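Notes follow once the structure below has been shown.
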Amino acid sequence: MPTDEFILDLISKLPFILIRIFTVILLLMHLLFSVVIVRQTRILSKIVEAKFSPTIQLISVLHLMASLGVLLFTIIYLFFLNL
């Protein structure tokens, strides 16, 4: 492939590559947010003991697992499956 074609091909694909990278970065930030929520929920449950504390902890852990699942699915879909 000549150099000119390579550069033009790279320029035409660059916006899609940047969108993929920014999507993964935003999902990583959401995963970090989920970890913070789990940590804060556990600290709050130790301080304030209520009947629904285990339920809230379960919801926060499920949110963390869902965030991780979405991140993994997105990475697999965007970078490994060329659809």
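Observations, loosely collected:
- Pick from segment 49-73, criterion at pLDDT 95 or above and of a type in the set (V, I, T), ranking: farthest from L26 (Cα to Cα): I59
Condition check ((1) of a type in the set (D, E); (2) surrounded by 10 or more Cβ atoms within 10 Å (Cβ to Cβ); (3) over 15 Å from the mean Cα position of the chain (by Cα)) across all residues:
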{"residue": "L44", "(1), (2), (3)": "no, yes, yes"}
{"residue": "E49", "(1), (2), (3)": "yes, no, yes"}
{"residue": "S53", "(1), (2), (3)": "no, yes, yes"}
{"residue": "Q57", "(1), (2), (3)": "no, yes, yes"}
{"residue": "M65", "(1), (2), (3)": "no, yes, no"}
{"residue": "L71", "(1), (2), (3)": "no, yes, no"}
{"residue": "T74", "(1), (2), (3)": "no, yes, no"}
{"residue": "Y77", "(1), (2), (3)": "no, yes, no"}
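- Meets criteria (in a helix (DSSP H, G or I) and within 24 Å of L72 (Cα to Cα)) for L44: no
- Pair list, Cβ < 7 Å and 6+ apart or interchain, from segment 68-81 residues that are among the β-branched types (V, I, T) to residues that are modelled with pLDDT of 90 or more and in a helix (DSSP H, G or I): V70/L27; T74/T23; T74/V24; T74/L27; I75/V24
The values are calculated or read from the model by the stated rules, or taken from the named source; none is laboratory data. Source: prediction; values computed, not measured. Positions of Cβ are generated from backbone atoms using ideal geometry, with glycine treated the same way; all protein chains shown enter the neighbour counts.
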